[in-house]
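Notes follow the structure.
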Amino acid sequence: MNQKPSQIRVVVVDDSTFMRELIATVLEADPEIAVVGKAPDPYVARDMIKDLNPDVVTLDIEMPRMDGLTFLRKIMSLRPTPVVMISTLTQAGADATLQALEIGAVDFVAKPTAAIGAAMADLSAELHAKVKAAAHSRVRPYRDVPVPAPVRREHPRKATERIVLIGASTGGVEALKTVLMRLPEDCPPILITQHMPERFTAAFARRLDRECPMKVSEARHSEPIEAGHVYIAPGSHHLELVRSVGRFACALSDGPPVSGHRPSVDVLFRSGARAAGAKAIGVILTGMGRDGAAGLSELRRASGATIGQDEATSLIYGMPRVAFELGAVERQYALADIADAILAAAERDHPQAKIA
């Protein structure tokens, strides 16, 4: 194979010969990507990764001899490498994928289950984008440590009517958990849009609900929002903040994608600008692309507080970068400091100055 020095080097790991060849064919249709190895199991993959030093690995979760999660832990512990998981769209697949993202996988792509020919265009675009993003991500070594207990905080010094709106994409699974684990049980209500398919958002909400101090659930249409509760946008619907009968509530819609996504972060932030204005706190976290930047700009113009994750702690500094360069972010913070920034903004007496 004639490989160009600038190409992203990928090793494909899958026990299915058909899927290995399909993924390799899809990837190599992009001139910026070169598949340098195809492994039928983690044992072969281990030697390939050592010998070929790829930029990215695509890894099937379900494999014989050693499952994908066990192998991922070994990769991220011994030779941290950007990994894109190939996942099944089942409940078990969703749970395993969330574990993989917590271990350190950069992202995942859903494995086609039927009508593969019809799904090829979508699979190609998604796989190309995610492998390229993974190649430029900031992976960190995996450390097998217990899940930390939530940070216990005193009640806010002042009563607040603030509402927190958070948008995230690639890297958001761990980033969101980090933020929520540092907030108090009686935090302001939080609405979250995380780019993720439908079955995965339900599993994600259940996982956060088990581990975080506040109540976490998928948002329901017309559901009133309350302090101490986090509402996750279902993977099939946009989530908006609305004011209904004198109180704030969630609204879901299955309209077309916005900024390339449904759910869209732009939709969430724009709804906060309309419904809450200066009472809203917008937070944009790690992710590729530009979804959320325009909506956060509208939120800041409506006098809402706006917070961005900084480059050093973002797995993918895409969405936060675009928002910052657009002037939508009042201030950037390291991930570990974002919860404190949210609480500080919630206790302010006066709205932020509008931007031009």
Legend entry - Helix 17-28 vs. the chain, principal-axis angle (Cα, 0 to 90°, nearest 10): 70 degrees
Legend entry - Rounded to whole Å, sorted largest first: equivalent-ellipsoid semi-axes of region 227-356, Cα gyration tensor: 21, 19, 14
Legend entry - Residue list for region 73-103, given a label point 7 angstrom along the Cα-to-Cβ vector of D15 and an amide N cut-off under 15 Å: 86-88, 93
Inset, instruction - Write out the trypsin sites (Lys or Arg not before Pro) in region 64-110 meeting two conditions: DSSP loop, and at most 15 other Cβ atoms within 10 Å of their Cβ. - result: R65
Legend entry - Cα gyration tensor, region 233-279 - rounded (a/c under 1.5), prolate or oblate: oblate
Inset, instruction - For region 163-346, give the share of DSSP beta bridges that are antiparallel, in percent and rounded to the nearest 5; count only bridges with both residues there. - result: 25 percent
Inset, instruction - Report, for the chain, the % of DSSP beta bridges that are antiparallel, rounded to 5. - result: 15 percent
Inset, instruction - First check a/c for region 11-141, with a ≥ b ≥ c the square roots of the eigenvalues of its C-alpha gyration tensor; if it is under 1.5, answer rounded, and if not, answer prolate when a/b is larger than b/c or oblate otherwise. - result: rounded
Legend entry - Close Lys-Lys pairs in the chain, where close means Cα under 24 Å and separation is 8 or more or interchain: 26
Inset, instruction - Please give the net charge around I23, taking every other residue with its beta carbon less than 13 angstrom from that of I23, where Lys and Arg add +1 and Asp and Glu add -1. - result: -3
Legend entry - At 1.002 mPa s and 20 °C, Stokes D of the chain from Kirkwood alpha-carbon radius, µm² per second: 103 µm²/s
Legend entry - Cβ-based exposure ranking for F18, F108, in which fewest neighbours within 10 Å come first: F18, F108
Legend entry - ³J(HN,Hα) computed for each position of region 96-110 - Karplus, 6.51 cos²θ - 1.76 cosθ + 1.60, integer Hz, glycine/proline x: 5, 5, 5, 4, 4, 5, 5, 5, x, 4, 6, 7, 8, 10, 6
Legend entry - Among H261, H237, H221, residue whose mean-square fluctuation peaks in a GNM of the chain (springs only between Cα atoms under 10 Å): H221
Legend entry - Counted charge near R290, where neighbours are those whose Cβ lies closer than 11 Å (Asp, Glu -1; Lys, Arg +1): -2
Legend entry - Surrounding net charge for N53, when Lys and Arg each add one and Asp and Glu each subtract one, Cβ distance under 11 Å: +1
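None of the figures in this text is laboratory data; all of them are computed from the coordinates on show. These numbers were taken from a predicted model, which means no experiment stands behind them. Here the Cβ is made from the backbone with ideal geometry for all residues, glycine too, and neighbour counts use every protein chain on show.
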